[in-house]
1. Would you call Ala81 in contact with a Ser or Thr (Cβ under 9 Å, 6 or more places away or on another chain) and exposed (fewer than 14 other Cβ atoms within 10 Å of the Cβ)?
2. Out of the residues in the stretch 131-175 meeting the condition of being acidic (Asp, Glu) and under 24 Å from Ala232 (Cα atoms), tell me which one is modelled with the highest pLDDT.
3. If Ser224 satisfies every condition in (1) part of a loop (DSSP other than H, G, I, E, B); (2) exposed (fewer than 12 other Cβ atoms within 10 Å of the Cβ) but one, which is the exception?
4. Would you point out the residue of the stretch 34-78, among those that are among the acidic types (Asp, Glu), over 13 Å from the mean Cα position of the chain (by Cα) and surrounded by 15 or more Cβ atoms within 10 Å (Cβ to Cβ), that is farthest from Ile7 (Cα to Cα)?
5. Here's a check for you: in the stretch 269-282, which residue that is touching a residue at least 12 places away in the same chain (Cβ under 8 Å) and closer than 15 Å to Leu199 by Cβ is farthest from the chain's Cα centre (by Cα)?
6. Regarding Glu256, is this residue part of a helix (DSSP H, G or I), surrounded by fewer than 13 Cβ atoms within 10 Å (Cβ to Cβ) and not polar (S, T, N, Q)?
7. Six or more apart or on different chains, Cβ under 7 Å: which pairs go from a residue in the stretch 171-182 that's assigned by TED's automatic domain parsing to the domain that holds Met146 to one that's surrounded by 13 or more Cβ atoms within 10 Å (Cβ to Cβ) and among the charged types (D, E, K, R)? Could you list them?
8. So Thr74 clears everything in (1) in contact (Cβ under 8 Å) with a residue 12 or more places away in the chain; (2) within 26 Å of Gln269 (Cβ to Cβ); (3) out of contact with any helix residue (DSSP H, G or I) (no Cβ under 9 Å at 6 or more places or on another chain); (4) not small (Gly, Ala, Ser) except one condition, right? Which one?
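The values are calculated or read from the model by the stated rules, or taken from the named source; none is laboratory data. All values reported here derive from a predicted model rather than from experimental measurement. Heads up, the Cβs are rebuilt from the backbone with ideal geometry, glycines too, and the neighbour counts pull from every protein chain shown.
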Amino acid sequence: MKELALIGPTASGKSDLALRLALEHNAYILSLDSLSLYKEIDIASAKPSKEELSQIQHFGIDLIYPNEEFSVATFASVYKALKERCEREEKNLIIVGGSSFYLRTLLLGLSIIPEYSDKTRNKVKELLLDLASAYRLLYDADPSYMNNIEAGDRYRIEKMLLIYTETGLSPTDYFKKNPPQPIIDELPIYEIDVDRNYLRERIVLRTQKMIDMGLIDEVCTLESKYTRQPNALKAIGIIEVFDYLDGRTTQEEMKEQIITHTAQLAKRQQTFNRNQFPNRTLLSIEDIYKEASSFLG
């Protein structure tokens, strides 16, 4: 079993390349896309089509509903289970997507989280009835750590409260005593090198395709089922539609905003990849195809 990662900015052609390689080299695909993991967000996430999903089994897609929480720890569990499956079935594994933070977590690892007693869970549930007080409690115990968590971030506050209540250690002290352990020891990482103007053309085409496929109707359906509160519905391609629905923009302005915000995201992704994966191999799609094909055998 061999594994590799394909990264690059959004709309650079990663998914098509991954599918091509998987078909030719007996591989499963694990998605790194942070929006594709949500069920019912199909158009806004530019998820692989049903035809593509039928050709090669994809993982990390359609795992949860938009109003459910997802963490890097959950992603790590998905990866571990999939790697075991690949080894059993003698499959290769291609990890692909734009959310390279998940990939970074696999390489750096996660700290072991303690088992929580029922007493701890009940106490934390009680504390969370007053979120502001719960945040202040943690902030007083560990201001440096809590400066990185928003006062309204219930999910992360709950996680830190569980650790603090169960162990009596501040988050900083706990993670010092329980440093992360890498989940992947070694992994070839290929990043698609794409011309900025060409990438913008692809973003324009993809945005128009999303609109033609029914992006506005999809967002309306999501809002009616889940309201606008879930974090998943604050993603690029969704928030711009909300502005259009509220009458703040025309449809053409909505389209231009999606294009602009997607291009800005692509630039951030390239910066992140450059800083976090200095040993990555930066090549054109065709050169990556040749090198990856040779590696996968």
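1. The answer is no for Ala81.
2. The qualifying residue modelled with the highest pLDDT is Glu158.
3. That leaves (1) as the condition not met.
4. Only one residue fits best here, namely Glu40.
5. Among residues in the stretch 269-282 that are touching a residue at least 12 places away in the same chain (Cβ under 8 Å) and closer than 15 Å to Leu199 by Cβ, the one farthest from the chain's Cα centre (by Cα) is Leu282.
6. no
7. Pro171/Asp142; Thr172/Asp142
8. Tallying (1) in contact (Cβ under 8 Å) with a residue 12 or more places away in the chain; (2) within 26 Å of Gln269 (Cβ to Cβ); (3) out of contact with any helix residue (DSSP H, G or I) (no Cβ under 9 Å at 6 or more places or on another chain); (4) not small (Gly, Ala, Ser), Thr74 fails exactly one: (1).
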